[in-house]
Amino acid sequence: MLVWGGTNGAGRLNTGGRYGLGEDEWHALSTEGPGNEPLVAREQHAAVWYDAMLLVFGGIGDVGNQLGVTLPTSAPESGGKLYDAAMDKWKSPSATDQPSARAGCSAVRSNLKPANQMTVIVWGGQDGNVFRDSGAQFSPSYNSWKPMGMPAPEARSGHGAVWLEGPARMAVWGGRGANGVLASGGLFDPKSNTWDKMTPLGPSAREGHTAVSTGKELIIWGGKAGDKVLGDGARLDPAKIQ
């Protein structure tokens, strides 16, 4: 298990740890980025694990004397980062076609076969008061980004996103958009680079909820709607709600 970044109340962090289940021990992650520059401390970023690598993207961070800026900025060090667990080293993925600045976005690993077709999908989020409905797929095999097709679901952040093996799609549900919390979502097909709509037959509008994949179904639980904390959820079968 890998933990990195966030805030401890005193400030944003650029540190993390790797927990070994067999050893029952934590090991500190390197804090040196590519070229030995310090990693940009950040919170509200997205992170996803794949093939002994961790991709970190977006968030709100401190770049030089700029505090609390949405990442990435024009500064190269503020972009996404890849952590190699075997080498305990960080490197930078390609900056070409990477998603625009955002926090509160999702990052999901597709399990497309063969292995060189696998991608990491970064989508949604917000930059200040601007919500995003855009994203991109990152190919680890080719170190390249591919912008996601449009039209997409309503722009949002704080949504749930998971990979569904059955339909080989990324499922997105809920979150907050420009007009408040949402009770809608979509299914993204990374092969065709297109979205399918999902009718709002799932749980009520919410943000900050938990989203889990069973492989074929999406399970939504909890979250908030305004000041109300929710204690309910639903199982969604994409084959029945498209």
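Given +1 on the Cβ of Lys and Arg, -1 on the Cβ of Asp and Glu, and no further charges, what dipole in debye does the chain carry about its Cα centre, rounded to the nearest 20?
620
For the residues Tyr142, Tyr50, what sequence is obtained by ranking on other C-beta atoms within 10 Å, fewest first?
Taking fewest neighbouring Cβ atoms as first place, the list is Tyr142, Tyr50.
Measure off 7 Å from each Cα along the Cα-to-Cβ vector at Leu112 and Tyr142, then give the distance between these two points in nanometres to one decimal.
Distance between the two pseudo-spin positions: 0.9 nm.
For the charge dipole of the chain, defined by +1 on Lys and Arg C-beta atoms and -1 on Asp and Glu C-beta atoms about the Cα centroid, which residue among Trp195, Gly158, Leu29 has the Cα displaced farthest towards the positive pole?
Sorting the options by dipole projection puts first Trp195.
Using only alpha carbons, build the gyration tensor for the chain and give me the equivalent ellipsoid semi-axes, biggest first, whole Å.
Here the semi-axes work out to 28, 20, 18 Å.
May I have the extent of the alpha carbons of the range 104-242 along their three principal axes, as whole Å values ordered from largest to smallest?
44, 33, 21
Based only on other Cβ atoms within 10 Å, what is the fewest-to-most ordering of Leu201, Leu112?
Leu201, Leu112
So what are the ³J(HN,Hα) numbers for the range 141-155, from phi and the Karplus equation (6.51, -1.76, 1.60; θ = phi - 60°), rounded to whole Hz, Gly and Pro as x?
5, 10, 6, 9, 10, 10, x, 7, x, 10, x, 10, x, 3, 4
Can you tell me how the range 62-159 classifies by the Cα gyration tensor, rounded, prolate or oblate, using a/c under 1.5 as the rounded cut?
oblate
Straight-line reach only, C-alpha to C-alpha below 25 angstrom: list the lysines that Lys81 could link to, leaving out same-chain residues fewer than 8 apart.
Within the straight-line limit of under 25 Å, Lys81 reaches these lysines: Lys89, Lys91, Lys113, Lys146, Lys191.
Can you order the peptides 17-25, 57-65, 36-44 by their average number of other Cβ atoms within 10 Å per residue, highest first?
Packing order, densest peptide first, comes out as 57-65, 36-44, 17-25.
Give, rounded to the nearest 20 debye, the magnitude of the charge dipole that the range 104-242 has about its Cα centre when Lys and Arg contribute +1 at Cβ and Asp and Glu contribute -1 at Cβ.
Roughly 180 debye for the range 104-242.
What value, in deg cm²/dmol to 500, does the helix sum -39500 (n - 2.57) over DSSP H runs of n ≥ 4 give at 222 nm once divided by the residues of the chain?
Value at 222 nm, helices only: 0 deg cm²/dmol.
On full extension of the chain, what length is gained from Ala52 through Met87, given 0.36 nm per residue of separation minus the C-alpha to C-alpha distance?
11.6 nm is the gain from fully extending Ala52 to Met87.
Among Tyr50, Gly64, Tyr19, pick out the residue whose Cα is farthest towards the positive end of the charge dipole of the range 1-93, where Lys and Arg carry +1 and Asp and Glu carry -1 on C-beta, about the Cα centre.
Farthest towards the positive end: Gly64.
Sort Trp145, Trp26 so that the residue with the fewest other Cβ atoms within 10 Å of its own Cβ comes first and the one with the most comes last.
Placing the least packed residue first, the sequence is Trp26, Trp145.
Read the figures in this text as sums done on the coordinates, not as results from a lab. None of the values given here were measured: they were computed from a predicted structure. As a convention, Cβ positions derive from the backbone with ideal geometry for all residues, glycine included, and neighbour counts pool all protein chains shown.
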